[in-house]
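Below is one structure; the comments refer to it alone.
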Amino acid sequence: MTQSFDHPLEITGTPPPMVSFRNVCKAYGSLVVLDNLNLDINAGEMVSIIGPSGSGKTTVLRMLMTLEQINGGVIYVDGKPLTHMPKHGKLVPANQRHLRQRRVDIGMCFQHFNLFPHMTALENCMEGPVQVLGMRKPEARARCEELLEMVGMIDKKDQHPSRLSGGQQQRVAIARALAMRPKVMLFDEVTSALDPEVIGEVTEVIRKLVSEHNLTMLMVTHQMGFARDISDRVCFFYGGKIEEQGPPSQIFGNPERERTQQFLSAVREAI
Amino acid sequence: MFDWKWDFVWEIMPRLLVATGNTLLAAGAGYAIAIVLGLVFALAQRGPSRLLAFVVRELVEFIRSTPLLLQVFFVFFVGPQFGIRLSPWTSGMIAIGLHYACYLSEVYRGGIESVPRGQWEASTALNMSTIQTYRRVIIPQAIPSSLTGMGNYLVGIFKDTPMLSVIGVAELVHTANAIGSEHYRFLEPLTLVGLIFLAISLPAAGLIRLLEGYVRRKLGM
Ligand SMILES: Nc1ncnc2c1ncn2[C@@H]1O[C@H](COP(=O)(O)OP(=O)(O)O)[C@@H](O)[C@H]1O
Ligand SMILES: [Mg+2]
């Protein structure tokens, strides 16, 4: 677990990958959840992560969002280390200050939305810009109303989350994350907790993001059709590792690995 | 029949009303201390310093497991031996405020722990600091589930103010006792004090329920 790799202080290249996992390890006690993960994501790329339950998909996003510490390796964002910081010419684990500086580039949407229940939709969106970015309220309101408009929630902007359906809450959550102007957006099974009839309204918003914004996106999903439609690349996770990755046409049309084939046929049968 | 004297009642009423003011003041000031200090104790137990968390945890346990009366005596009588000479009022406020701060810190802790983990994660994803997260996200949501406990302890602190009579704070029981000794009549003053406590406690409990509902609605819960 404590394998020592010589990681560079910065990733060069023109341009460097927007996100780079280098030999990333994560374990809970003796349970290894991410096993020496290497993954580069280019700026503007939409990468989907698929795989069986417990294969470490959520963990990848949580580590990138710095919700928890990794046990080994380094994650870089935009060429600069996220989980570590340079000190005396070496990388050491990041402190809170470094994390807060570097985390601004990343936004995340959760399976269960996690909206703030005591704030209205608009207040949820304005919270980050006003409190964290120090933006003035009128400016933040304008930005957030524009985003709520984009996700089709402007007419519900003064409602509290408890008055909104799951699909509506998730669209507000997407607007809330976008209000911070992240370079990288993470989606963790954002449609899994939704009733089937409202899944479309959320996937439509994500489609719009892909076509109209130059965001880098990493999405964990169980919706194979959706992943096939919008991804530039699909990663199939198995046991904390990337078992196979490639363009959607390859992964869904002509998977090479047996585990990928088994997983996909099991998923198809379930439908 | 009782030997109840109405003219005696009217005679002592002004003194009892002043004492009621003192009781309310003691309860209010003690509660204000407890509310703030309780939050400090609750946060310290969740803070980054293991040592501080341990010390505060032990202190809270210690205070919760010893009688308030003993703590009142301790602050007032033992303090001077260490050169800390405090008035009855100051000693009383420290003792009762500290005592109830410990109970309230447990209420807050419960409230804070009842906020789902996803709220912390969403706050981190918005890059909020720990302090911002507590102030803007966690504490506002911890309040509704803490209100019942907070209300109960407000009534509790009010009913415990007579403990301060032992060090000479002129609250209701102290005053009733003084009147009784002066006139050799205890029936009227003590009965009146009981009625005054009842007349305040009962409506207060009702008001607290109303306030709870109001705050919950206000927070959109
Ligand atoms: N906080 C935790 N403590 C212990 N085990 C965990 C924790 N979080 C996740 N795990 C375990 O890590 C593994 C991968 O979890 P996760 O990344 O959520 O999988 P996926 O999203 O692919 O279903 C699972 O076996 C899960 O039980
Ligand atoms: Mg998951």
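The values are calculated or read from the model by the stated rules, or taken from the named source; none is laboratory data. For clarity, every value in this text was computed on a predicted model and none was experimentally measured. For neighbour counting, all protein chains shown are included, and Cβ atoms are generated from backbone atoms with ideal geometry for every residue, glycine included. Ligands, DNA and RNA are excluded from the accessible area calculation, which covers all protein heavy atoms including side chains. Shrake-Rupley method; radii C 1.70, N 1.55, O 1.52, S 1.80 Å.
Here the range A:41-146 is treated as a Stokes sphere of Kirkwood radius computed over C-alpha pairs; at 4 °C and 1.567 mPa s its diffusion coefficient rounds to 79 µm²/s. For the range B:32-100, trypsin sites (Lys or Arg not before Pro) meeting the loop criterion (DSSP other than H, G, I, E, B) and having at most 13 other Cβ atoms within 10 Å: B:ARG85. For chain A, the Cys residues with no second cysteine's beta carbon closer than 4.7 Å are A:CYS25, A:CYS109, A:CYS235. Per-residue ellipticity at 222 nm computed for the protein assembly as shown from its helices equals -16500 deg cm²/dmol, with DSSP H segments shorter than 4 residues left out and the rest contributing -39,500 (n - 2.57).
Relative to the longest principal axis of chain B, what angle (0 to 90°, nearest 10) does the C-alpha long axis of helix B:187-218 take? That works out to roughly 20 degrees. Angle of helix B:172-183 to the longest C-alpha principal axis of chain B, folded into 0 to 90 degrees and rounded to 10: 10°.
Ordering A:HIS160, A:HIS222 from largest to smallest accessible area (1.4 angstrom probe), what's the sequence?
A:HIS222, A:HIS160
Using heavy atoms of the protein chains and a probe of 1.4 Å, the accessible area assigned to A:ARG233 is about 40 Å². Using only side-chain charges placed at the Cβ, +1 for Lys and Arg and -1 for Asp and Glu, the dipole size of the range A:8-270 relative to its Cα centre rounds to 1000 debye.
Partner shielding of B:128-136 amounts to 3, given as the average count of beta-carbon atoms from other chains within 10 Å of each residue beta-carbon.
Taking 1.306 mPa s as the viscosity and 10 °C as the temperature, the Stokes-Einstein diffusion coefficient of chain B based on its alpha-carbon Kirkwood radius rounds to 81 µm²/s.
Mind checking the alpha-carbon convex hull of the protein assembly as shown and giving the volume per residue in Å³?
Numbers: hull volume 109.6 nm³, N = 492.
For the protein assembly as shown, the hull spanned by Cα atoms encloses 223 Å³ per residue.
Ordering A:GLU256, A:GLU139 by accessible surface, largest first, gives A:GLU256, A:GLU139; the 1.4 Å probe counts only protein heavy atoms, with every chain in place. For the residue pairs A:LYS80/A:LYS208; A:LYS57/A:LYS137; B:LYS159/B:LYS218; A:LYS57/A:LYS208; A:LYS137/A:LYS183, the alpha carbons lie more than 26 Å apart in A:LYS80/A:LYS208; A:LYS57/A:LYS137; B:LYS159/B:LYS218. Prolate is the label for the range B:1-56. Its Cα gyration tensor axes, ordered a ≥ b ≥ c, give a/c of at least 1.5 and a/b above b/c. Membrane-span-like helices in chain A, defined here as complete DSSP H runs extending at least 15 Å along the helix axis by their C-alpha atoms with mean Kyte-Doolittle hydropathy no lower than 0.0, are A:196-212; this is a sequence and geometry rule, not a statement about a membrane. Neighbours of B:ASP3, meaning other residues whose beta-carbon lies under 15 angstrom from its beta-carbon, give a summed charge of 0 when Lys and Arg score +1 and Asp and Glu score -1. Shielding value for A:106-119 is 5, the average number of Cβ atoms from other chains within 10 Å of each residue's Cβ. Across the range A:8-270, the fraction of Cα-Cα pairs farther apart than 33 Å, rounded to a whole number, is 21%. Bridge orientation summary for the protein assembly as shown: considering DSSP beta bridges with both residues in this region, about 60 percent are antiparallel.
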